[in-house]
Every structure is written in C-alpha cells, then in structure tokens.
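Below is one structure, written out as structure tokens; the observations come after it.
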Amino acid sequence: MSENYYQIILLGKVDERLVSIQKSLTNRFNDLKINPNFIKFIHSENYSSKDPKYPTIAIYFGGDKSNTLHLSNLIDESVVIIPVVKSNELVPTELPDEISHINALPINETNNNTERLVSIIFENFRFLRKERKVFISYRRIDAQGAADKLYDLLDANGFDVFLDTRSVPPAQNFQDQLWHRMTDSDAVILLDTPSFRTSRWTKEELMFANENNIHILHILWPQQKEEGIASFNEFIKLAPKDFKMKGLSRSGIPYTGKNITKKTLKNIVIKTEQLRARAISLRYKYLVDNFCDAARDAGYNPSVQIDQWISIANWKENGLAVIPAIGVPTADRINDIYNAVSNSKFKKSEKWIIYDNRGILKQWLEHLDWLDNHLPIKAVNMTKASSLLETK
C-alpha cells in the first residue's frame, strides 16, 4: 500500500466537481512523472486522520454556509483554504463568514478553472520541477557510481538534482555554488560510505546542513554506524543484499556504489519524496506561522490566501500583502505570487517578501537589498518582521 505524503482536506458541500479535480490531478502527476498516490484526500468525517507532519491544503466546496466544521482549526494552523464556488456572484450565499475574505475560485460547467485549481495545488505543494530540489552529498572515491545512478533516477522522477560533477557551470566558484544549492534544496541525500566521514569537504557539507536545518536522508553503507550528527536526519541502513554480490569486498562492504541494486535506488527515491514533504511543510509553516503569530501579537488579523500569500486588511490605508519565499527567493517565484496579489483586492496594498536568511549567500542578500530600492516590494528577513509590524 502506498504512503501518502501530501494531504487535501475536503470540506463543505462536496459534489461532482471533485471527480474532475481528481482526474486533472492524476493527469498532471503523470505528465511530471510523480506518483499520484502521494496525495491523500481527507473528507470531513475522517479529519482526525490528518497528519500534522505533512503539507496540507483544504478545498471548501460552497453551498452550505452552516457547514463550518474544522474551519477554525485550519485557520489557526495557517493552512491554505481554497474556497470553490459556482460563480463569484454566489460567494455571499455559498461561503461561511470565516472564509468570505479569501479569494474564491469559481468552477462550473462553462469554465476551465479545474486546471487553475490543480495549478494552485501544485504550487502550494511545490511540485513544479524547478522547485523539487535535492542535493546529493557523497565521497567520489567510493560512491560516484551510486551517485550517478541516483541522479538519473531522481531526474527521471521529476526532481531538480544537484550533483557536483554535473551541476556546477564552468568558471563558477565551486564551493559557493555548492552552499547556495544546498541552502535551496528541500533535502540532502547523504551517501555515507566507508570513507565519507574522513573527508574535510563532506564533513563541512554535513555541518552546513545541520546548522541550516536542512533535512538529510542519511544512507548508511553496511557496517557504517548510525550517529546523531544532524538535527533532521532520517536513516536508511543498507545491507549486503542491497548490492550485487560481485561488488562486495572480502569484508562484505561494497567497494563502490556502482553495484547498488535498482530496487534499493527506487526505495531511496520514495523515501526522498517522503522527507521532502515534511521538509517543505516545516519550511512553509515556519514562515507563515511565525509571521501570522507576529501579526496577531501586533493587533492584526492575517489571512492566508489560496496562492500562498498572506493578507492584512487593516494595515495602514490600503492593507498589506505578504509573500513567503521558501528557500532562496528568486525573481520568477516572486513574480508569480506578485501577479496573484495584483489580481486581488490587495493590488494597491504595500507588499513584502518574507524569507529565512539562514545559509543564503551574501550576494543574494545584497540582491534582495537591491530589490527594496528598485521594485515596489520590500524584502523582509523573518527575524525582523515583528519589529516592522509594530511600526504603525
């Protein structure tokens, strides 16, 4: 039975539109070569099965304003709630007051907004290839073969993979590029071979991941011992059966990773998706929960919109729109959400980007400072958000 790592809560008056939504989701998953079984649909009566460790969004089907079960819990948890109505004119009669301030998405027989809804789901779960980033940490001398095979399999499954021998452009500072990509990755796959811990560079990679709370899928070669050397470690212990026998040394330890079995590699890819799900959930919740808590402490009432930005209606004259940037803030990601804000009633509002600055290279932080001076948007380090919110 497949495990589910991404959760969609179904609330309100769920109807036949769910069938077309599920069909479109499956088609989009197949296009991106992602297992559609990673998604779990949870109906209101099974709400208790929701796992707080994994990314969650909710779809509220309008039609019964009195059906507000679980809404307050989801709002308190800063979960994205997507109100679905049959037409914008019906918002006042189809949606309860708790979510009437969230931009609704009309879906009916005459429009194609089902695909728009699927895009919102994919954006929330960061399923687009450019955002499914993983980093392979390894020692070339005894894991190059495994790293190459794992790179190819992850690539075939829709991941954007960093592998030092393939991913650093010519004439670039190798170490700077390595730290930058690790900071921006959802997870690190660490191939802990017999010589891994003897290398200065691999030790520094492990230390960097630990200091910046980057999640690690720690693949232990046979006879390598599990140690609590990182805060967000999940271990996979390999055994001689995970390698073709001709690749084993006299002591039973594989000389290199080139003889690792396909079945073992596939299991690593599945575990990577599981770890990635928890990682992005925590990164998103860190930004959104901390900002919303700071806003409430400052006397505001923040709302999480369906395109992953946060609105504060009573901020100064025209309100405030806050765009969380998970990982390294990039122009295209900022532009995507900026456009969503511009198409809402908050288009004239002051706009902030909030981000976690841990591990981001100096030149990127300078780039964000440049944005402050050249674009109608302010880049805000999450640690400074509270003080800015208290400045009326």
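Quick look at the numbers
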{"quantity": "Added length on full extension, which subtracts the Cα-Cα distance from 0.36 nm per residue, Asn73 to Asp332", "calculated": "90.0 nm"}
{"quantity": "Estimated distance in nm for a label pair at Lys130 and Glu227, the labels positioned 7 Å out from Cα along Cα-to-Cβ", "calculated": "4.0"}
{"quantity": "Range of Cα positions in region 263-373 per principal axis (Å), largest first", "calculated": "59, 31, 28"}
{"quantity": "Computed E for Asp372/Asn339 - FRET, C-beta separation, R0 30 angstrom, nearest 0.05", "calculated": "0.95"}
{"quantity": "Helix 262-297 axis, angle to the chain major axis (alpha carbon atoms, nearest 10°)", "calculated": "40"}
{"quantity": "Calculated log₁₀ intensity ratio I(q)/I(0) where the Debye formula runs over C-alpha points of the chain, q = 0.07, 0.10, 0.14 Å⁻¹", "calculated": "-0.36, -0.72, -1.25"}
{"quantity": "Order of Met207, Met382 under a 10 Å beta carbon neighbour criterion, fewest first", "calculated": "Met207, Met382"}
{"quantity": "J(HN,Hα) series, region 377-382, from Karplus relation 6.51 cos²θ - 1.76 cosθ + 1.60, nearest Hz, glycine and proline x", "calculated": "8, 10, 8, 10, 4, 3"}
{"quantity": "Size of region 1-149 as Cα extents on the principal axes (Å, biggest first)", "calculated": "66, 33, 29"}
{"quantity": "Per-pair calculated FRET efficiency, R0 = 22 Å: Ser87 and Asn27 via Cβ, rounded to 0.05", "calculated": "0.30"}
{"quantity": "Nearest-0.05 FRET efficiency for Asp289 and Asn113, computed from C-beta distance (R0 41 Å)", "calculated": "0.90"}
{"quantity": "Residue-averaged 222 nm ellipticity for the chain, from DSSP H runs of 4+ at -39500 (n - 2.57), nearest 500", "calculated": "-11500 deg cm²/dmol"}
{"quantity": "Net lengthening on full extension, Lys241/Asn46 (0.36 nm per residue, minus Cα-Cα)", "calculated": "66.2 nm"}
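Values in this text are rule-based calculations from the coordinates and carry no lab data. It should be emphasised that the depicted structure is a prediction, and the values quoted were computed from it without experimental measurement. No Cβ is skipped: glycine too gets one built from the backbone with ideal geometry, and neighbour counts run over all protein chains shown.
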